[in-house]
Amino acid sequence: MPKLVHSHFRASRSLRARRPRSQQITGMANTAALSLFVASLFGVLAFSTLPGSGQSKQTSKSTNVSAAVTNTQLRNDLNWIFGGKPQRGWYLYTPLINRLINNKSDSGSPQFASAVARWQQKAGLKPAGILDDETLYAMIKAWQEARLKDRTPATPDQLLLAPISDFYDPTRAEELRQVERKTYAAYKRMVAAAIADHSLGLAHTSRGELAPGEKYLKIISAFRSREYQDKLRRESPNSGTAGLAVNSPHFTGRALDVYVGGEPVDTRDSNRALQVQTRVYQWLVRNAERYGFRPYCYEPWHWEFVK
Ligand SMILES: [Zn+2]
């Protein structure tokens with residue numbers, strides 16, 4: 001994209017240098033064409049509200065174009081609430097949204113709007129193609145409902161001690177390296193698949209494990225005892241309900257925080273914006289389900305084994 005913009009910029013500059021007047025005229029013609037386009041857009045929209053006009057192909061196309069304009073604004077500006085905290089925009093969730101609505105196009109495109117509309121239809125919402133607060137809350141509900149339901153704390157026999165080489169912190173204490181057995185097996189299968197996907201460029205050993213110097217997908221935190229969680233909460237009392245839950249899925253040993261870039265577990269938007277753009281995070285969004293892992297939308301690093 002930046003390349004395109006650049007070459008276009010160069011072309012118009014050389015045009016202006018040669019023929020300044022015609023460039024001006026072209027500019028005017030462009031404005032006229034745009035007004036005409038906007039006018040026709042409104043025309044189609046207005047026409048579609050007439051009784052009996054039906055839902056023509058052209059109408060839904062124009063609706064998607066205007067929904068795309070609104071989505072481009074809302075992805076950065078929508079005001080909404082999560083865990084009692086005000087949030088702005090939904091751009092941090094585009095990888096998850098794209099997976100949910102089965103879309104590959106940019107979130108500001110008519111194709112995206114069209115995919116939103118299809119999802120809205122299925123979810124029993126008005127299929128306008130605009131990702132507004134009502135639609136976002138419905139999506140969050142879908143993600144939250146797919147999470148681990150049984151949060152019964154793990155018993156010692158359900159846990160194993162994972163080797164230090166699996167962890168992000170090479171000095172992590174043994175009591176903080178316990179993982180539920182099936183979750184650990186699934187994690188290892190998932191990591192092997194990520195290593196085998198060379199587009200991720202993960203450094204690995206000859207035995208097909210993450211290299212000591214590789215940070216991505218290493219475990220930051222797995223099983224936490226209730227006592228340890230209480231201690232964490234005392235240390236950061238302002239983390240709110242979105243942060244350190246009283247009834248944490250980490251008690252089960254089936255929740256893993258894995259490294260996906262940036263600051264490992266920092267919920268600031270600027271940090272999460274970094275994380276959701278990494279290849280590893282986007283790979284997890286597309287593939288983790290295959291290994292039984294589902295996301296917690298608010299924390300790009302937090303994945304739960306639900307099988
Ligand atoms: Zn977590």
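Just so you know, all these numbers are worked out from the coordinates, no wet-lab data involved. The shown structure was predicted, so the numbers you read here are calculated from the model rather than taken from an experiment. Neighbour counts run over all protein chains shown; Cβ positions are idealised from the backbone, glycine included.
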From the cross-link list Lys182/Lys231; Lys104/Lys182; Lys188/Lys215; Lys57/Lys141; Lys122/Lys307; Lys188/Lys307, the entries with a Cα-Cα span beyond 22 Å are Lys182/Lys231; Lys104/Lys182; Lys57/Lys141; Lys122/Lys307
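Sum up the charges of everything whose Cβ sits under 12 Å from the Cβ of Lys182, counting Lys and Arg as +1 and Asp and Glu as -1, but leave Lys182 out.
Cβ neighbours under 12 Å give a net charge of +4.
Starting from segment 265-300, pick out the trypsin sites (Lys or Arg not before Pro) whose DSSP state is loop and whose Cβ has at most 16 other Cβ atoms within 10 Å.
The qualifying sites are Arg268.
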Residues Ser236 and Lys149, FRET efficiency given R0 of 30 Å [Cβ-Cβ distance, rounded to 0.05]:
0.70
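Calculate the dipole size of segment 112-265 relative to its Cα centre from +1 charges on Lys and Arg beta carbons and -1 charges on Asp and Glu beta carbons; express the result in debye to the nearest 20.
Details: 22 positive and 19 negative charges, 80 e Å.
Here the size comes out at about 380 debye.
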